[in-house]
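Notes to accompany the following structure.
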Amino acid sequence: MADNKAEAQRLPYRLREPFLTTTELALFRVLNQMVGGRYLICPKVSLNDVFYIVRPNENVHFFNKFFRKHVDFLLCDPQTLAPAFGIEIVRPISKNETRESDRFVEEIFTGAGLPLVHIPSSESYDASEIIPLFQLAVAKIGGTVSLRVDRASDSVPHCPVCGKMMVLRIHRTGKNSGKQYYGCMDSPRCTGVVPIN
């Protein structure tokens with residue numbers, strides 16, 4: 001009786017086996033040989049842990065685009081854990097065709113000035129075939145501007161009256177009609193406003 005009750009109360013979670021697929025494990029082993037102690041290899045890292053959304057209350061719809069998405073491997077500096085390379089195992093569709101989700105992840109990495117290495121799915125890997133893919137990924141971001149900019153311009157101001165987070169609003173009437181401004185999220189109880197130049 002007690003065993004049945006304990007079983008009924010057990011949470012519906014189980015250990016996922018295996019943690020890495022055969023393909024992921026094969027690549028992990030080769031990466032480990034290639035990078036040695038130069039990078040820490042982190043498997044299955046959520047994009048949400050690597051990137052943040054600027055002004056999240058204005059860009060809510062962008063959260064759904066990368067929610068539950070991850071990069072297969074992230075190579076990080078062993079001392080600072082700063083990301084250095086993203087690695088995606090790509091499953092071929094047809095020649096010269098890319099999945100929309102693969103393209104989206106690449107745009108995020110490229111926009112942040114972080115190389116994303118695309119490695120074709122395989123049961124085995126050779127380091128000599130992977131090294132040129134790293135070089136290609138670095139070359140792709142060589143001409144891009146990193147978006148690691150002043151975070152003050154990426155954040156939402158706090159209300160100068162009550163200190164709460166502000167929300168992007170648009171003047172509906174008056175001489176500023178159509179112009180954006182930040183208004184207190186507690187409006188109309190709080191009248192705090194921050195103009196946008």
Amide H within-cut-off set for V117, under 5 Å, with H built and near neighbours excluded: G86, I87, E88
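Filter the cross-link list K69/K164; K65/K175; K65/K140 down to pairs whose alpha-carbon distance in this structure exceeds 28 Å.
Working: K69/K164 31 Å; K65/K175 37 Å; K65/K140 23 Å.
Violating the 28 Å Cα-Cα cut-off are K69/K164; K65/K175.
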Take V117, V45, V194 and order them by how many other Cβ atoms sit within 10 Å, fewest up front. V194, V45, V117
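Fewest Cβ neighbours within 10 Å first, please rank Y13, Y39 accordingly.
Exposure proxy ranking, most exposed first: Y13, Y39.
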Apply the a/c threshold of 1.5 to the C-alpha gyration tensor of segment 156-195 and tell me whether it is rounded, prolate or oblate. prolate
In sequence order, what are the phi-derived ³J(HN,Hα) couplings for segment 120-129 according to the Karplus relation 6.51 cos²θ - 1.76 cosθ + 1.60 with θ = phi - 60°, rounded to whole Hz, with x for glycine and proline? x, 5, 7, 7, 8, 9, 10, 4, 5, 8
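Which GluC sites (Glu not before Pro) in segment 65-138 pass both tests, a DSSP loop state and at most 15 other beta-carbon atoms within 10 Å? Numbers along the way, then the final one.
Numbers: sites: E88, E97, E100, E106, E107, E123, E129; in loops: E97, E123.
Here the sparse-neighbourhood loop sites are E97, E123.
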Tail beyond 27 Å, pair distance distribution of segment 2-141 (Cα, percent): 30 percent
Sorted by Cβ neighbour density within 10 Å, fewest at the top, the residues S124, S187: S124, S187
Using Cα-Cα distances under 8 Å and only pairs 6 or more residues apart, what relative contact order does segment 1-141 have, in percent? 22 percent
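Throughout, read-outs are computed from the coordinates displayed, never taken from laboratory work. Model, not experiment: these values are computed from the prediction. Don't worry about glycine lacking a Cβ; one is built from the backbone with ideal geometry, like all the others, and counts go over all protein chains shown.
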